[in-house]
Amino acid sequence: MTKMKKLYLPVLTAAAITFSIFGMPKKAEASCNTYQVNVAKGYLALRTDTAFDSKNEIGELYNGDLVEVMDYTGATGYWYVYSPKYDTFGYVNNDYLNSISSSVSAYDTMWTVSVEKGYLALRNAACYDSANEIGKLYSGDNVWVCDSSDSTYWYVYSPKLNCYGFVNQEYLYTNEDMDGGTSYFGETRMVSVSKGYLALRNMKAYNASNEIGELYTGDVVQLLETSDPKYWYVYSPKYDMNGFVNKDYLVGGSTFATKSVSVSKGYLALRSAMSYDESNEIGELYTGDTVVVIDSSNSQYWYVYSTGLMMYGYVNKDYLY
């Protein structure tokens, strides 16, 4: 299942476009920072540094893959970008990037799948054909629109499936399209159980066979659909999955702040305790990595959730912005 990743990304400058679909205006955001990979052969390397070196490669970007440029002012020939394909930041050679026309791109906007039953097919062609299905998207899954120029089939990126394809746009909506069903869409809640765990399920029912994850007190979820009186549809960053949970075991009512890591060199340690000690390091966070701030009451160490490491821990707040 899929992530709510763009809730965690830096806000980028965008120009608004409006589409009218079945009498309902839909607002899409076209970012001037969105670029498409264009290589004659092979791939464009996503790197940890501004140098041509096989040791610093952290990803392979192919023709059609998209990136968001975060910084144009780095070393000559290299831009600092965010890759939704890998959900990470890095450097790429800008000679192999083409800008995306804002007239057809809605890449800044997250769209959510809504089907009455079954699934929405992700296809490798803009037509209805069982032979071109490459993935299945269910209600609550999210996609990023890359090309919305066609009246029926939009070209999208699915974080859940980690691939691009075409979907029928009639089954996509944004938070702005909703008229009451999910009043808390996008908000964050914390799990609170007196003992044991809260089951993340693939169905709205109490059944051991539908459990897909275990959420403990302190774990965080994001709300996707809250119309059911008992089971709410949520995104769990711990499992990087969507599912249903019993809403009676969720507390809180806000959207936690998201911060980005900024270090001049090396990494920011994710720690198991609020102290500077090599023995309590449980993870390494690098410039551009994002964390969700759970508790900021301490003057030095904040309790956070790392979306990249899928772990909770403490970090020195001086290196967050």
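The values are calculated or read from the model by the stated rules, or taken from the named source; none is laboratory data. Bear in mind that the values here come from a model prediction, so they are computed numbers and not experimental data. Here Cβ is always computed from backbone atoms with ideal geometry, including for glycine, and neighbour counts include all displayed protein chains.
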Odd one out for residue 321 among (1) of a type outside the set (Lys, Arg); (2) within 27 Å of residue 79 (Cβ to Cβ); (3) modelled with pLDDT of 90 or more: (3)
Among residues belonging to the stretch 189-204 that are more than 22 Å from the chain's Cα centre (by Cα) and in contact (Cβ under 8 Å) with a residue 12 or more places away in the chain, point out the one that is surrounded by the most Cβ atoms within 10 Å (Cβ to Cβ). 198
Scan the stretch 71-88 and tell me whether some residue there is under 17 Å from the mean Cα position of the chain (by Cα), of a type outside the set (Lys, Arg), in a strand (DSSP E or B) and at pLDDT below 80. no
For the stretch 215-231, give me each residue that is surrounded by 15 or more Cβ atoms within 10 Å (Cβ to Cβ) and over 23 Å from residue 257 (Cβ atoms). 225, 231
Could you please find all residues in the stretch 240-261 being assigned to a loop (DSSP other than H, G, I, E, B) and touching a residue at least 60 places away in the same chain (Cβ under 8 Å)? 240, 255, 256
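When the stretch 143-157 is examined, which residues are found to be among the polar types (S, T, N, Q) and modelled with pLDDT under 80? Walk me through it before giving the result.
Filtering the stretch 143-157 down to residues among the polar types (S, T, N, Q) leaves 148-149, 151-152.
Once the filter is applied, which keeps residues that are among the polar types (S, T, N, Q) and modelled with pLDDT under 80, the stretch 143-157 yields 148, 149.
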Contact list, first residue from the stretch 278-297 and surrounded by 19 or more Cβ atoms within 10 Å (Cβ to Cβ) and of a type in the set (S, T, N, Q), second anywhere and in a loop (DSSP other than H, G, I, E, B) and modelled with pLDDT under 95, beta-carbon distance below 7 Å, six or more apart or interchain, is 290/307
Checked the stretch 302-314 for anything in contact with a helix residue (DSSP H, G or I) (Cβ under 7 Å, 6 or more places away or on another chain) and not in a loop (DSSP other than H, G, I, E, B); matches are 302
Of all residues in the stretch 112-142, which are surrounded by 15 or more Cβ atoms within 10 Å (Cβ to Cβ) and either within 19 Å of residue 33 (Cβ to Cβ) or modelled with pLDDT under 75 (or both)? 140
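Among the polar types (S, T, N, Q), in contact with a Lys or Arg (Cβ under 9 Å, 6 or more places away or on another chain) and outside the structural domain of residue 68 (by TED's automatic domain parsing): does that describe residue 299?
Working: among the polar types (S, T, N, Q): yes; in contact with a Lys or Arg (Cβ under 9 Å, 6 or more places away or on another chain): yes; outside the structural domain of residue 68 (by TED's automatic domain parsing): yes.
Yes: the conditions hold for residue 299.
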In this structure, does residue 168 turn out to be under 27 Å from residue 133 (Cα atoms), surrounded by 13 or more Cβ atoms within 10 Å (Cβ to Cβ), modelled with pLDDT of 85 or more and not hydroxyl-bearing (Ser, Thr, Tyr)? yes
